[in-house]
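Input: one structure, supplied below.
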Amino acid sequence: MLKTAPIFTDHMVIQREKPFRIWGTGEDGTEVSAQIGSLKGVSEVVNGKWEIVLPAMPAGGAYTLKVTDGTETLTFSDIVSGEVWLCGGQSNMELVMINSDNPEPALNTCRESNVRLYHVGKRGVFDEQFFEEEQNSCWQLPERDTCQYWTAIGYYFGERLAKKLGVTVGLIECNYGGSSASAWISEKMLRSTEVGQSYLDDYSKGMEGLTDEEACQAYQEYCDYHNRWQERVAQCYNENPDISWDEVLEKCGENRYPGPYAPNNPLRPHGLYDTMITRITPYTMRGVLYYQGESDEHRPEGYEMLLSSLIHQWRTDFKDETLPFLLVQLPMFSYEDRQKGTEWALIREVQEKVYQNVRHTGLAVIPDCGEYNEIHPKEKRIPAKRLYLQALKEVYHLQENGTTAPMFRDAVAGNGTIHIHFDNVENGLELHGTSGFEVCGTDGEWYPAHPKVNRHTLILSSEKVPHPVGARYLWYNYGEVTLFERNGLPASPFRTVSD
């Protein structure tokens, strides 16, 4: 029986100006052809699979795609050639329009946005319901009833980009709340690195003494508990929006998230790679928007390798060695008892390192978009705009200045001060406060520093450190954001020396 991959449906967006792939299954030995407009390709079915690469098309549409093996013919209509972006990561990419800040103006005009979206199914195991939902999946048009459940960051990014380029933007929503990067990487790739293996070892230890059936039952019991627990939490916040997290736990019971290790836990190592990424590869696209890192805070020292492995994995699977990745750097965030922790500072540092060291990447810096005691900031227009600015620079080469946040370049100490120099400060720096800055001497003890700005240079000093040798800024989970480029972009947090 002739089939295409489920992502091929009516209203799909195909990537313009790049050869694009169509694939599916069929009967061995048969010949499958695909035609869209004047473009045609042919493939033989081998081991039940076929794949056709059609030549690049300019932006346009609507087109009809026909796929046939001579006996059966599949027809897809209202196809548009435009720009395709994958929206990956965890809950802050997953957060939908209706739950974001002030969505009504956008929802009221979404029909005019020229954005379409495909949801990748979010079931963590290959069961009957998985395949039923996948077969019913489709590319959605921007109607209010559909758009309200789209990724907010993805939609606002796509809306801007479509207007700028004058083409349709297609979004592939492939994200899952609470997911570690290890869930989005294949088992083989995880085993190839020490940090990847550590996640697999955690899973093996969690499964010790349990059969798969017992572990799956334990996870289902957790899901039942967690659903009831979330209802209690929601009621607590409705009754008292200012309630503390400790009070919530006291009233509602233990937060057991993300649940026990089990073959049916979607957040297991390589789980989402298996059930989500492999279902859409190798769809041809322009690039990836990736907002993730919160769930790897417990192992920040390994996150650079983990994130780099993910990028390599996806580029390999999507058959595009230069596939752009636009990363979102984690914003300021802390629960009440962890404000001065540094786990998120370390993740932010890694995200900037990956941007600096891995080609064809971008970094949207958003420290000013965080909220105290709220891990899911509802304002998503600003992160989307900064991803858009990165796309203009790194992908479309339409704008250079004013697109990337100030980033630490080097430091020079002397005469009781330390001078910090930055990249991306064409207009100069400005202070919106004096907190967040620290210096240390040779003893390694950190003290608050007084900041001054001399156009492109930050100058730090402290009476308690007569001879500073190191400096850092926003080196904790949450704090006031005070250093900006004059164009409004906040500086990326930094440290000049390691602890």
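The values are calculated or read from the model by the stated rules, or taken from the named source; none is laboratory data. If you're wondering where the values come from, they're calculated on a predicted model, not measured in any experiment. Neighbour counts run over all protein chains shown; Cβ positions are idealised from the backbone, glycine included.
Please work out which residue is farthest from residue 495 (Cα to Cα), limiting yourself to segment 438-478 and to residues that are part of a strand (DSSP E or B) and of a type in the set (Phe, Trp, Tyr).
Filtering first and then ranking leaves 447.
Same structure, new question: Let me confirm something: among 303, 291, which residue is farther than 30 Å from residue 127 by Cβ, of a type in the set (Phe, Trp, Tyr) and touching a helix residue (DSSP H, G or I) at 6+ places or on another chain (Cβ under 6 Å)?
Matching residue, one of 303, 291: 303.
Could you list, in sequence order, the residues of segment 470-485 that are within 16 Å of residue 421 (Cβ to Cβ) and either among the basic types (Lys, Arg) or touching a Ser or Thr at 6+ places or on another chain (Cβ under 7 Å) (or both)?
Once the filter is applied, which keeps residues that are within 16 Å of residue 421 (Cβ to Cβ) and either among the basic types (Lys, Arg) or touching a Ser or Thr at 6+ places or on another chain (Cβ under 7 Å) (or both), segment 470-485 yields 470, 471, 472.
Something else: Kindly evaluate residue 417 against the criterion of being within 24 Å of residue 289 (Cα to Cα) and surrounded by 15 or more Cβ atoms within 10 Å (Cβ to Cβ).
no
Exactly one of (1) among the charged types (D, E, K, R); (2) under 23 Å from the mean Cα position of the chain (by Cα); (3) buried (at least 18 other Cβ atoms within 10 Å of the Cβ); (4) more than 30 Å from residue 321 (Cα to Cα) is unmet by residue 438. Its number?
So the condition that residue 438 fails would be (2).
What strands (runs of 3 or more DSSP E) completely inside segment 323-418 contain at least 3 residues that are within 21 Å of residue 309 (Cα to Cα)?
The qualifying strands (runs of 3 or more DSSP E) are 325-328, 361-364.
Cβ-Cβ below 6 Å, separation at least six or inter-chain, first residue in segment 459-473 and within 18 Å of residue 408 (Cβ to Cβ), second basic (Lys, Arg): which pairs?
Listed pairs, sorted by first residue: 459/452; 472/495.
Would you tally the residues in segment 93-110 being of a type outside the set (Asp, Glu) and in contact with a Lys or Arg (Cβ under 8 Å, 6 or more places away or on another chain)?
6
Could I ask something else about it? When you scan segment 182-206, how many residues do you find that are more than 25 Å from residue 316 (Cα to Cα) and either more than 29 Å from the chain's Cα centre (by Cα) or among the aromatic types (Phe, Trp, Tyr) (or both)?
1
Right, something else. Select from segment 339-369 the residues that are out of contact with any helix residue (DSSP H, G or I) (no Cβ under 9 Å at 6 or more places or on another chain), in contact (Cβ under 8 Å) with a residue 60 or more places away in the chain and either crowded, with 22+ Cβ neighbours inside 10 Å or over 19 Å from residue 88 (Cα atoms) (or both) and list them in ascending order.
339, 340, 341 - these are the residues of segment 339-369 that are out of contact with any helix residue (DSSP H, G or I) (no Cβ under 9 Å at 6 or more places or on another chain), in contact (Cβ under 8 Å) with a residue 60 or more places away in the chain and either crowded, with 22+ Cβ neighbours inside 10 Å or over 19 Å from residue 88 (Cα atoms) (or both).
Which ranges mark the strands (runs of 3 or more DSSP E) fully within segment 1-91 that have 2 or more residues being in contact (Cβ under 8 Å) with a residue 60 or more places away in the chain and surrounded by fewer than 22 Cβ atoms within 10 Å (Cβ to Cβ)?
20-25, 60-68, 73-89
State which residue is nearest to residue 331 (Cα to Cα) when the search covers only segment 479-499 and only residues that are charged (D, E, K, R) and assigned to a loop (DSSP other than H, G, I, E, B).
480
With respect to residue 143, is the statement that it is farther than 23 Å from residue 390 by Cβ, surrounded by fewer than 19 Cβ atoms within 10 Å (Cβ to Cβ) and at pLDDT below 95 true?
No: the conditions fail for residue 143.
The rows are residues; the columns are (1) modelled with pLDDT of 95 or more; (2) not in a helix (DSSP H, G or I).
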| residue | (1), (2) |
| --- | --- |
| 228 | no, no |
| 231 | no, no |
| 237 | no, no |
| 248 | no, no |
| 255 | no, yes |
| 260 | no, yes |
| 274 | yes, no |
| 285 | yes, yes |
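Please indicate, with yes or no, whether at least one residue in segment 253-272 is of a type in the set (A, V, I, L, M, F, W, C), under 30 Å from residue 53 (Cβ atoms) and in contact with a strand residue (DSSP E or B) (Cβ under 6 Å, 6 or more places away or on another chain).
no
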